[in-house]
Amino acid sequence: MSEQNENKMEKIVSLCKRRGFVFQGSEIYGGLRGTWDYGPLGVALNNNIKREWWKLFVDSREDMYGLDAAIIMNAKVWEASGHTGAGFCDPLVEDVKTGERFRADHLLQDNGIEAEGLSLEEIDSLIADNAIKSPKGNELSKAREFNMMFASRVGATAGEEGKVYLRPETAQGIFVNFKNVLDSMSPKMPFGIAQIGKAFRNEIAPREFLFRVREFEQMEIEYFVKEEDWETEFEKLRKDIVVWHKHLGLSEENIREYDVPENDLAHYSKRTIDFEYNYPGKGFDELAGFAYRTDHDLKNHMEASGTTMEYIEPDGARFIPHVLEPSFGIGRALTAVLCEAYTEDEMNGEVRTYLKLPVHLAPYRVAVSPLLKNKPHLVEKAREVFTELKAEFSNVAWDDNGNVGKRYRRQDEIGTPYCLVIDFDTLGEEAPENKDTVTVRNRDTGEQERVAIADLVGYLK
Ligand code: GAP
């Protein structure tokens with residue numbers, strides 16, 4: 001990976017902190033590995049991603065139903081889904097001297113050895129054959145399975161009965177509500193249930209900024225189909241995912257579809273495509289997953305709970321639907337959006353940094369400024385314009401810090417597509433023909449034009 005690309009990621013992480021997108025979790029206490037906090041602009045960008053996803057996959061379609069299930073679920077859910085077993089484990093090795101724990105497959109990869117889908121025995125032999133040591137140079141223990149679910153307890157019960165898990169995926173909340181949605185909404189086949197929410201995984205080695213964390217958000221759909229239709233519907237949804245990634249502003253050359261080989265498929269899947277993004281300093285790695293989960297989940301929940309998960313056709317035919325699952329991690333989407341948008345160029349003889357975010361994702365659509373903040377009549381007029389635009393768009397910034405040049409640079413760095421300046425012309429004090437117009441500056445080109453206040457809403461739309 002080129003040094004330039006590695007630097008790019010560092011610069012993005014630093015911009016995220018400096019400008020209020022993403023902070024280290026529990027930072028004032030030394031942080032907590034694998035957790036990150038979203039600051040004011042990170043929340044805005046995150047919310048915009050979630051809103052656009054919901055609009056595209058739920059609101060604009062007739063075949064999708066929304067859901068928001070509880071994070072704490074009955075422990076039996078995870079037994080039935082297979083998450084308490086070996087299917088949801090990562091291979092762990094320990095430094096025998098320090099006790100530090102590592103993901104065995106990551107250690108192998110860091111030593112240039114392909115490590116996908118290996119058994120514990122294969123991992124042990126590769127570690128021995130290649131004399132791989134811990135990062136501190138010590139011997140490593142034998143590999144063992146480590147379950148990634150966070151366990152907790154509900155209420156005051158001390159024994160096993162109170163044991164619960166924080167959900168490691170939002171998907172199971174959908175499966176356990178399948179019958180409720182059938183009964184309350186009478187959906188026609190094929191149909192999907194969509195959910196956005198937090199998921200938790202006790203990752204052995206959280207790393208690479210938001211890429212692998214212990215607490216994250218997912219946007220998931222379980223799309224229920226007749227078994228014989230799965231391939232046709234898979235192709236349709238695959239194309240919808242391509243449209244979604246375009247809508248995020250991600251360029252085609254930075255997205256790759258990876259058909260996961262059979263020996264690497266998750267325990268529930270018969271076909272999976274990983275949508276990969278070309279992260280700077282890292283290369284192509286998973287952005288979102290798209291899996292054909294067969295009838296594995298509904299069948300298991302039907303057996304374990306005793307509740308029927310059958311769909312009944314108008315002619316009385318009964319069957320357990322098969323499932324297609326597009327699954328998106330919001331942190332990875334946000335990282336990809338920032339990587340794609342991060343741009344350095346030269347303007348007016350100086351290097352400048354800006355985020356070329358699509359307008360529908362930018363935290364602020366527009367920033368409004370009075371040319372000078374110590375001129376009450378300019379400020380009053382600017383406030384008037386600001387209030388009018390805020391009523392229309394809501395994500396409008398008021399910016400009167402520093403001089404206009406500095407404001408432009410700051411707004412460029414957070415991706416605000418337009419800056420408006422209210423000046424003496426606006427008041428008709430210098431060029432009467434410009435009365436009631438403002439300067440609008442374009443983030444990407446730096447070009448400025450005068451636009452009538454009356455036309456601003458249409459212009460910005
Ligand atoms: N329900 C299927 C499922 O959860 P997954 O491939 O394990 O499948 C789906 O996760 C998506 O969730 C991934 O493509 C990724 O975007 C995100 N994701 C998973 N684990 C993550 C982690 N530890 N940190 C950040 N994002 C994660």
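Couple of notes before you dig in:
- Residues that are in a strand (DSSP E or B) and closer than 22 Å to ALA452 by Cα, drawn from the range 340-382: VAL366, ALA367, VAL368, SER369, PRO370
- Candidates TYR165, TYR223, filtered to the one that is in a strand (DSSP E or B), touching a Leu at 6+ places or on another chain (Cβ under 7 Å) and in contact (Cβ under 8 Å) with a residue 24 or more places away in the chain: TYR223
- Residue list for the range 447-461, filter: modelled with pLDDT of 95 or more and assigned to a loop (DSSP other than H, G, I, E, B): GLU447
- Residue check, HIS301 in a helix (DSSP H, G or I) and either away from the ligand (no atom under 16 Å from the Cβ) or in contact with a helix residue (DSSP H, G or I) (Cβ under 6 Å, 6 or more places away or on another chain) (or both): yes
- Subset of the range 111-120 (residues that are open to solvent by 20 Å² or more (accessible area, probe 1.4 Å) and either of a type in the set (Ser, Thr, Tyr) or at pLDDT below 90 (or both)): GLU114, GLU116, GLY117, LEU118, SER119
- Selected residue (only one of LEU357, LEU324 is touching a residue at least 12 places away in the same chain (Cβ under 8 Å), outside the structural domain of LYS11 (by TED's automatic domain parsing) and either touching a strand residue (DSSP E or B) at 6+ places or on another chain (Cβ under 7 Å) or among the hydrophobic types (A, V, I, L, M, F, W, C) (or both)): LEU357
- Hits in the range 230-248 (condition: open to solvent by less than 40 Å² (accessible area, probe 1.4 Å) and within 15 Å of ASN278 (Cα to Cα)): HIS245, LEU248
- Test result for ASP444, in a helix (DSSP H, G or I), open to solvent by less than 80 Å² (accessible area, probe 1.4 Å), at pLDDT 95 or above and closer than 27 Å to CYS16 by Cα: no
- When the criteria are applied in full, GLU310 meets the requirement of being farther than 30 Å from ARG214 by Cα, open to solvent by 40 Å² or more (accessible area, probe 1.4 Å) and either more than 16 Å from the ligand (Cβ to nearest atom) or of a type in the set (Asp, Glu) (or both).
- Every test in (1) open to solvent by less than 40 Å² (accessible area, probe 1.4 Å); (2) within 20 Å of ALA80 (Cβ to Cβ); (3) more than 29 Å from the chain's Cα centre (by Cα) is passed by GLU160 save one, and that test is (1).
- Here ASP315 fulfils each of the conditions (1) at pLDDT 95 or above; (2) away from the ligand (no atom under 13 Å from the Cβ); (3) outside any strand (DSSP E or B); (4) not hydrophobic (A, V, I, L, M, F, W, C) apart from (1).
- Restricting the range 249-294 to residues that are crowded, with 17+ Cβ neighbours inside 10 Å and under 18 Å from ILE320 (Cβ atoms), the residue that is farthest from the ligand (Cβ to nearest atom): THR294
- Restricting GLY155, GLY173 to those that are touching a residue at least 12 places away in the same chain (Cβ under 8 Å) and not in a strand (DSSP E or B) reduces the list to GLY173.
- Residue match in the range 178-195 (condition: surrounded by fewer than 21 Cβ atoms within 10 Å (Cβ to Cβ), of a type in the set (Asp, Glu) and near the ligand (Cβ under 10 Å from one of its atoms)): no
- Every condition in (1) surrounded by fewer than 17 Cβ atoms within 10 Å (Cβ to Cβ); (2) in contact with a strand residue (DSSP E or B) (Cβ under 9 Å, 6 or more places away or on another chain); (3) of a type outside the set (Gly, Ala, Ser) holds for ILE123 except the one numbered (1).
- Scanning the range 318-334 for residues that are within 12 Å of the ligand (Cβ to nearest atom) and more than 8 Å from the chain's Cα centre (by Cα) yields a count of 5.
- Test: residue in the range 336-352 that is within 22 Å of MET9 (Cβ to Cβ), open to solvent by 10 Å² or more (accessible area, probe 1.4 Å) and of a type in the set (Ser, Thr, Tyr): yes
- Only residues that are in a helix (DSSP H, G or I) and in contact with a helix residue (DSSP H, G or I) (Cβ under 8 Å, 6 or more places away or on another chain) were counted across the range 253-273, and they come to 1.
- Checking MET347 against (1) free of Cβ contacts under 8 Å to residues at least 40 places away in the same chain; (2) touching a Gly at 6+ places or on another chain (Cβ under 6 Å), the condition it does not meet: (1)
The values are calculated or read from the model by the stated rules, or taken from the named source; none is laboratory data. As the structure is a prediction and not an experimental result, all values here were calculated from the model. Cβ sites come from the backbone with ideal geometry, for glycine too, and all protein chains shown count toward neighbours. All accessible areas refer to the heavy atoms of the entire protein, side chains included, with ligands and DNA or RNA removed. Shrake-Rupley method; radii C 1.70, N 1.55, O 1.52, S 1.80 Å.
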